[in-house]
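Engineer: There's a structure below that I have some questions on.
The values are calculated or read from the model by the stated rules, or taken from the named source; none is laboratory data. Bear in mind the structure is a predicted one, so any value in this text is a computation, not a measurement. Neighbour counts run over all protein chains shown; Cβ positions are idealised from the backbone, glycine included.
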């Protein structure tokens, strides 16, 4: 089963909890068991599983900016000035896998599925591939 969701981001860099959007898409498709591969279709976004506490989400963005700062002389910046976003996304990865049991995503108490926007604002698409 293939599904997708679209997310409109509002800032150049932000962390967005997309867990409920994914759960809703799975519910509407009547998927009760399996594994869901969640894949961002962009080279300047990341997907992670972590806590969605607002302070922690800001800390994530600050850490990425420290590790790979913007406008640090990257060659790709000559094209469209977003090399830092590509490099930060490379560190995060673009997919996560989550089991589905009894129609629910199997996540720990504080675990959430987070889309990390690194070159927004933009409309982003996330593909869901369910293996049952």
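Engineer: Give the stretch 38-53 a look and list any residue that's farther than 19 Å from residue 4 by Cβ and assigned to a loop (DSSP other than H, G, I, E, B), or say none.
Structural biologist: 51, 52, 53, listed by residue number.
Engineer: Another one. May I ask you to list the residues in the stretch 87-112 that are touching a residue at least 60 places away in the same chain (Cβ under 8 Å), touching a helix residue (DSSP H, G or I) at 6+ places or on another chain (Cβ under 6 Å) and farther than 14 Å from residue 35 by Cα?
Structural biologist: 112
Engineer: List every residue pair whose Cβ atoms lie under 8 Å apart, where the two residues are 6 or more positions apart in sequence or sit on different chains, the first residue falls within the stretch 54-79 and is at positive phi, and the second residue, located anywhere, is surrounded by 13 or more Cβ atoms within 10 Å (Cβ to Cβ) and at pLDDT 95 or above.
Structural biologist: Short answer, once both residue conditions are applied: 71/77; 71/81; 71/84.
Engineer: Would you pick out the residues in the stretch 14-37 that are in contact with a strand residue (DSSP E or B) (Cβ under 8 Å, 6 or more places away or on another chain) and either more than 15 Å from residue 104 (Cβ to Cβ) or in a helix (DSSP H, G or I) (or both)?
Structural biologist: Residues of the stretch 14-37 that are in contact with a strand residue (DSSP E or B) (Cβ under 8 Å, 6 or more places away or on another chain), as a first pass: 14-19, 21-23, 25-26, 29, 31-37.
Passing the criteria: 14, 15, 16, 17, 18, 19, 21, 22, 23, 25, 26, 37.
Engineer: Just the residues that are within 19 Å of the chain's Cα centre (by Cα) and either over 10 Å from residue 88 (Cα atoms) or loosely packed, with under 14 Cβ neighbours inside 10 Å (or both), please, taken from the stretch 60-74.
Structural biologist: Of all residues in the stretch 60-74, those within 19 Å of the chain's Cα centre (by Cα) come to 60-65, 67-68.
Matches in the stretch 60-74: 60, 62, 63, 67.
Engineer: Scan the stretch 38-55 for residues that are loosely packed, with under 14 Cβ neighbours inside 10 Å and farther than 21 Å from residue 121 by Cα and report the count.
Structural biologist: Total satisfying the criteria: 1.
Engineer: For a quick check of your reading of the model, give me the residue pairs whose first member lies in the stretch 16-42 and is in contact (Cβ under 8 Å) with a residue 12 or more places away in the chain and on the phi > 0 side of the Ramachandran plot, whose second is assigned to a loop (DSSP other than H, G, I, E, B) and loosely packed, with under 13 Cβ neighbours inside 10 Å, with beta-carbon atoms closer than 8 Å and at least 6 apart or on different chains.
Structural biologist: 34/132
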